Amino acid sequence: MLSSLGITRLPNEERFSFVGDFGLMGGGNFGRCDFVVVGVLVVLVGSVSGIGVNWGTQSTHPLSPSKVVKMLKDNGIQKVKLFDADPGILDALKKSGIQVMVGIPNDMLYTLANSVEAAEKWVSKNVSKHVSSGGVDIRYVAVGNEPFLSTYNRTYETTTLPALQNIQAALTKSGLSNRVKVTVPLNADVYQSSSEKPSDGGFRPDINNLMLQIVKFLNDNGAPFTVNIYPFISLYADPNFPVDYAFFNGYQPAINDNGRNYDNVFDANHDTLVWALQKNGFGNLPIIVGEIGWPTDGDRNANLQSAQRFNQGFMSRYMSGKGTPMRPSPIDAYLFSLIDEDAKSIQPGNFERHWGMFYLDGQPKYQLNLGSARGNGLVGAEGVDHLAKKWCVLKPSANLNDDQVAPSVAYACQNADCTSLGYGTSCGNLDVHGNISYAFNSYYQVNDQMDSACKFPGLSMVTDKDPSVGDCKFRIMIQTDSAVQHGKVGSLSIVLCSFVIFLCCNLLF
């Protein structure tokens, strides 16, 4: 039963999603936006109708902002959602024609909640400066990111609304409040249903009063409710969740809710929010789906085929203008996400680093029609250079019983990215030698192929023969000016916690 429609996922700063169980559904970062008052929003905000994307930057080797902006334009993407207000990214978006939602990280909420002056300075530096003289088309300020996740232990419950109010006051003072709207991207776990029916939906009891204050404030200021909806998390969290209900192919039997039929979890989740709003007198509040997408690796249900199926299914209905049973008008949404982020927390699961439609190097993972005039294929980033075609692998002569094996692999994975290893992943069929080689190479590439990054004692060697096997790709890192050194190369005499070694040994044996 759909007792809890919410899902819990960490904001992109921390990125964790957990989906509650919405009957057959999971609720959680399943964001979706549907506008019953679309006409009003267009007047106030002038929002375009094209699909948006989330541009996260938690990568060891991020693409240059100028390359990403060109990629956005080449793919006909008209809106972008950011998780902060990085000046380099905002500069690259000047005169691009792309509408922008800038973000305020959760760790800034306390300061902004307690100081109107701090809010005014933030708006002046990160909004006014770019809008008035820089030519950046900023339309929204996202105050916080999923601040009411249960994992935060109520940390942001007393600061989110005051911060929202102060940012709104600062926008008003700057003369931008009719053009730039505030919002708070919320996880779908802020509402729930007591049954499998959306009509039994309401806000989470522990934050019900706070949610009503926020909703009223948004309504009073002509601002939208932003929610993140992730059907994948429903599937990830519940092994008994019906797989096809997570997609858009018409799952049967559909849930009948007083004549409204729900054949996918997205519609059910979204309309549970609509009912929560409607029951409290805010039935016409605009809704934005701040994040929606499907990962391509790191879990048995995270793969290229499922991601393409989900995202194309969503895009097909998006392009047709189809809404949900409760809100049949077009949806306003931002796909999650644009590019993989190999430095994100994997607390929620290994899939967290694989939400991108594009790999780290800006190349598309699969075919996807975003509704642009450019056809059905995604257009990759141009002018991206890779490092030399060489890899760090396990020596054929290495002794697997060497007591350096487990700590070496644990160190490599702790300081690089081994999330493609494990059951059901793209590299899940590697043997022990392959797992070790993958870990070594990941560390080697993250450290820009430095010689000292392939000096695992008596175990590793550099080769010019690609060790990739089938769908398991041993990738070569891209060249960037802003590479972040996550592993400390040099002496590999490391003391590792037993837990990490335990995980490593599971991969090995």
Query raised in the report: PRE reach from Tyr366 (point 7 Å along Cα→Cβ): which of the range 229-248 fall under 20 Å by backbone N?
Result: 229-238, 241-248
Query raised in the report: What nm value, rounded to one decimal, do you get for the distance between Ser316 and Asn209 when each label is placed 7 Å out toward the C-beta?
Result: 4.8 nm
**Report entry** From phi via Karplus (6.51, -1.76, 1.60), per-residue ³J(HN,Hα) for the range 364-371 in Hz, x at Gly/Pro
**Finding:** x, 8, 7, 6, 8, 8, 8, x
Query raised in the report: On average, how much accessible surface per residue is there in the range 81-228, in Å², for a 1.4 Å probe, leaving out ligands, DNA and RNA?
Result: 36 Å²
Query raised in the report: When you count, for each residue, the other Cβ atoms within 10 Å and take the mean per peptide, how do 271-278, 359-366, 400-407 rank with the highest first?
Result: 271-278, 359-366, 400-407
**Report entry** Thr226 long-range amide H proximity, modeled H, under 5 Å
**Finding:** Val184, Leu186, Ile288
Query raised in the report: In the range 233-295, what percent of the accessible surface is made up of carbon and sulfur (1.4 Å probe, ligands and nucleic acids excluded)?
Result: 41 percent
Query raised in the report: Using alpha-carbon positions, what is the distance between the centroids of the range 224-258 and the range 377-435, in Å?
Result: 33 Å
Query - Residue-by-residue Karplus 3J(HN,Hα) for the range 394-400, coefficients 6.51, -1.76, 1.60, Hz, glycine and proline x - result: 6, 4, x, 8, 5, 8, 5
Report summary line: Simple spin-label estimate for Ala254/Asp466, 7 Å along Cα→Cβ, in nm, reads 4.5 nm
Requested in this report: Might you report the magnitude of the Cβ-based charge dipole of the range 246-352 about its Cα centre, with Lys and Arg at +1 and Asp and Glu at -1, to the nearest 20 debye?
Outcome: 460 debye
Query raised in the report: For the range 313-457, which whole percent of the accessible surface, found with a 1.4 angstrom probe, sits on carbon and sulfur atoms?
Result: 47 percent
Report task. For an R0 of 56 angstrom, estimate the FRET efficiency from the Cβ-Cβ distance between Gln305 and Asp107 and round to the nearest 0.05. Result -> 0.90
Requested in this report: Taking 7 Å along the Cα-to-C-beta vector as the label spot, tell me the Asn429-Asp451 distance in nanometres, rounded to one decimal.
Outcome: 3.8 nm
Report summary line: Whole-Hz Karplus couplings 3J(HN,Hα) for the range 436-443, θ = phi - 60° and coefficients 6.51, -1.76, 1.60, Gly and Pro as x, run 5, 4, 4, 4, 4, 5, 4, 5
Query - Reach of Lys389 by Cα under 28 Å, taken over lysines that are not fewer than 8 positions away in the same chain - result: Lys67, Lys70, Lys344, Lys365, Lys455, Lys465, Lys473, Lys488
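The values are calculated or read from the model by the stated rules, or taken from the named source; none is laboratory data. None of these values were measured; they are calculated from a predicted model. Note that we place each Cβ from the backbone using ideal geometry, even for glycine, and neighbour counts take in every protein chain shown. Keep in mind that these areas ignore ligands, DNA and RNA; they rest on the heavy atoms of the full protein, side chains included. Shrake-Rupley method; radii C 1.70, N 1.55, O 1.52, S 1.80 Å.
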